[in-house]
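**Student:** Okay, handing you the structure first.
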Amino acid sequence: MINNFVAKEGRVYIYISFAIFVFSYLFVCDTLAFITFVITLFLIFIYRNNLKVKVKVDSLVSPISGEIIAIDKLNSQNIVYVNVGILDSHILIAPKDSLFKEEFHQNGLNFCTNSYKAKELNEKRVLKFDDIKLELISGRFNISHEFNNVGNVKQYDKIGVFINGIVKIYIPSSYPLNLKFAQKLKVGEVL
């Protein structure tokens with residue numbers, strides 16, 4: 001039953017937290033049991049699988065939920081910066097039907113994303129969907145998860161889970177965008 005509501009990447013953490021809750025409740029103390037129960041509920045919320053089956057659209061969709069913190073234009077590309085908070089939906093999806101591959105992965109630290117050190121030392125991934133590119137820069141609370149392998153993906157296919165950080169979306173200028181600064185994005189919403 002939990003498989004329908006929770007992403008597979010978070011199940012191990014939830015099971016461990018729940019086991020500690022049960023052990024604490026039975027053998028240790030009620031305070032520790034309460035704390036681990038709250039942590040278990042928080043992990044279920046973090047790893048919730050709230051993807052709905054949607055009809056394919058001809059335009060791009062948002063690959064993740066978050067708040068737009070900047071929009072830049074560089075040569076023939078628009079760069080949309082999305083801040084993914086700890087309370088946003090963390091499922092990362094394909095923005096369009098395309099060939100998907102992970103171009104770059106650098107393990108790193110989890111500094112606050114607002115610092116210069118974060119841009120240099122935090123974990124980074126670059127994902128490529130034909131002409132769309134995503135750059136993921138992990139934040140303080142990010143847990144590194146594996147992403148799907150190279151292959152063809154359809155729009156709305158789950159690619160992986162990204163908990164916290166900055167997502168840079170590189171979009172060619174040929175795509176029309178209806179985005180504004182400080183706009184809240186939801187996963188699967190038309191850009």
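The values are calculated or read from the model by the stated rules, or taken from the named source; none is laboratory data. As the structure is a computational prediction, the values presented were derived from the model and not from experiment. Glycine also receives a Cβ, built like all others from the backbone with ideal geometry; neighbour counts cover every protein chain displayed. What goes into the accessible areas is simple: the full protein's heavy atoms, side chains included, and nothing from ligands, DNA or RNA. Shrake-Rupley method; radii C 1.70, N 1.55, O 1.52, S 1.80 Å.
Each row is one residue, and each column tells you yes or no for (1) modelled with pLDDT under 85; (2) closer than 17 Å to Val80 by Cα; (3) out of contact with any strand residue (DSSP E or B) (no Cβ under 8 Å at 6 or more places or on another chain).
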residue: His105; (1), (2), (3): yes, no, no
residue: Phe111; (1), (2), (3): yes, no, no
residue: Ala118; (1), (2), (3): yes, no, no
residue: Phe129; (1), (2), (3): no, yes, no
residue: Ser173; (1), (2), (3): no, yes, no
residue: Lys186; (1), (2), (3): no, yes, yes
residue: Leu191; (1), (2), (3): yes, yes, no
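**Student:** With closer than 23 Å to Arg48 by Cβ, touching a residue at least 60 places away in the same chain (Cβ under 8 Å), assigned to a strand (DSSP E or B) and β-branched (Val, Ile, Thr) as the only criterion, which of Ile159, Ile171 stands out?
**Tutor:** Ile159
**Student:** Which residue, of Tyr13, Tyr25, Tyr81, Tyr47, is of a type outside the set (A, V, I, L, M, F, W, C), surrounded by 14 or more Cβ atoms within 10 Å (Cβ to Cβ) and over 21 Å from the mean Cα position of the chain (by Cα)? Walk me through it before giving the result.
**Tutor:** Values: Tyr13 fails: over 21 Å from the mean Cα position of the chain (by Cα); Tyr81 fails: over 21 Å from the mean Cα position of the chain (by Cα); Tyr47 fails: over 21 Å from the mean Cα position of the chain (by Cα).
None of the others qualify; the one that does is Tyr25.
**Student:** For the stretch 84-99, which positions are surrounded by 13 or more Cβ atoms within 10 Å (Cβ to Cβ) and over 16 Å from the mean Cα position of the chain (by Cα)?
**Tutor:** Within the stretch 84-99, the first condition is being surrounded by 13 or more Cβ atoms within 10 Å (Cβ to Cβ), and the residues that meet it are 84-86, 88-98.
If the condition is that a residue be surrounded by 13 or more Cβ atoms within 10 Å (Cβ to Cβ) and over 16 Å from the mean Cα position of the chain (by Cα), then Lys96, Asp97, Ser98 are the ones that fit.
**Student:** Looking at (1) open to solvent by less than 70 Å² (accessible area, probe 1.4 Å); (2) over 28 Å from Lys8 (Cβ atoms); (3) of a type in the set (S, T, N, Q), which is the one condition that is false for Asn75?
**Tutor:** All conditions are met except number (1).
**Student:** Something else about it: Looking at Val38, Val57, which one is loosely packed, with under 14 Cβ neighbours inside 10 Å, closer than 25 Å to Lys168 by Cα and not aromatic (Phe, Trp, Tyr)? So that I can check it myself, show each step before the final result.
**Tutor:** Working: Val38 fails: closer than 25 Å to Lys168 by Cα.
That would be Val57, the only listed residue that is loosely packed, with under 14 Cβ neighbours inside 10 Å, closer than 25 Å to Lys168 by Cα and not aromatic (Phe, Trp, Tyr).
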